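Report on the following structure.
The values are calculated or read from the model by the stated rules, or taken from the named source; none is laboratory data. Note that the structure is predicted; figures quoted are calculated from it, not measured. Here the Cβ positions follow ideal geometry from the backbone for every residue, glycine too, while neighbour counts run over all protein chains shown. These area figures cover heavy atoms from the full protein model, side chains too; ligands, DNA and RNA do not enter into them. Shrake-Rupley method; radii C 1.70, N 1.55, O 1.52, S 1.80 Å.
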Amino acid sequence: AGLAYRFALEYYHLRDSLTSISQGAQSADMDISFKIREQEYHLALVNKDDQIKRTYLISIILFSVMACMILLILWKNLKRSRKDVHELKRLNHQVNEHNLHMQTALHALEQSQRDNSRIMKIVAHDLRNPIGGIFSLALLMKEEPGRTPDDRMLLEMIWKSGKNSLDLVDSLLQINVNAKELKMEPVDLGETLHYCVQILLSRATEKHQQITLQADPLVLSVSRDKLWRVVSNLIDNAIKFSPSGAVIAVKLEEMGRAAVITVEDHGIGIPESFEDKVFDMFTEAKRHGTDGEATFGMGLAISKQIVEAHDGRIWFESIPGKGTTVFVALPMEVSKDR
């Protein structure tokens, strides 16, 4: 029994020792586990810090590359802009020189045109008297009794040539109408149209034509002589290019703030190929009248100059083979710049 007791004591002693050792081992294992976890945490922090640093580094590198690319683009654009500015300055200098040459040439051309117009008017004025003398003498000789048919035919040709020459001289004297040269005065347009119709009625009668007039009483400040020239040109053209027995309608009416003169015929009309040329001076868009009347192609051009010098407008509507209507619109109030 004493031996068993002693063995029991040793057993419990050994068991307690093993339990103590086991608890110490477990405590050591816990310390090691904590240390390992602490190391793992530090390692994770280091890895995270490395990852952040790597991200920052990549971002810095990308930003640096982008900044370099932007600076390169800006440098190229600046270089190109300097080149473009230099080229623009060069072109601008060339344009300025070209404009200067053009202005010089234009002034010279305008001066030449003024000189030519002055010389032409002087020549036309000097030719008027001798041509008028030939015209008058031919008319007197043609009406003398006892003339043979051949003499009358020759005198008729001389008379017609003299009349055409006088018409040409009158047209040349009307070229280059300047608004500053106009003598403006209150004019009853209705009376002016009535006067023109009465003057040209004999010519229309020769072709068995009729001229009708419908005019409202309108008074405008215009150049009486120049406006008479416009109306007579338009009616004369209507007579010239209308067939025998035609009716020519002349009308004056107020439309809005303008006085509109209308001359309508039922003649040969204006071909489409002439529409852009009829108002040109010395135009090629000219034809003989229905009775072979000569034309110089200046009447509408001179009329356009006169109308525009009054701040007005002239235009036409035409159907080839059916007739032409010419419109002249004059403002009821004269421009303050005049």
key: Solvent-accessible surface (1.4 angstrom probe) belonging to residue 206, in square angstrom, nearest 10   = 150
key: Order by protection proxy (mean Cβ within 10 Å, highest first), peptides 153-160, 258-265   = 258-265, 153-160
Solvent-accessible surface ranking, highest first, for 134, 248 at 1.4 angstrom = 134, 248
remark   = Residue span residue 73 to residue 291: 0.36 nm per residue of separation minus Cα-Cα distance leaves a gain in nm of 70.6 nm
key: By accessible area with a 1.4 Å probe, ligands and nucleic acids excluded, highest first: order of 219, 187, 247   = 219, 247, 187
task = Quote the accessible area belonging to residue 195 in square angstrom, nearest 10, computed with a 1.4 Å probe and with ligands, DNA and RNA left uncounted.
result = 120
task = Identify all lysines with a Cα-Cα distance to residue 142 below 27 Å; exclude those on the same chain that are fewer than 8 residues away in sequence.
result = 160, 163, 207, 240
request  = Work through the residues other than residue 188 whose Cβ is under 12 Å from its Cβ and net out their charges, Lys, Arg +1 and Asp, Glu -1.
outcome  = -2
remark   = Once residue 272 and residue 254 are pulled to full extension, the length gained, defined as 0.36 nm per residue separation minus their Cα-Cα distance, is 3.5 nm
query = Can you give the accessible area of residue 278 in Å² (nearest 10), computed on protein heavy atoms with a 1.4 Å probe?
reply = 10
query = Extension gain residue 96-residue 202, at 0.36 nm per residue separation less the Cα-Cα distance, in nm?
reply = 32.3 nm
message = Please list 64, 244 from largest to smallest accessible area, probe radius 1.4 Å, with all protein chains kept in place.
response = 244, 64
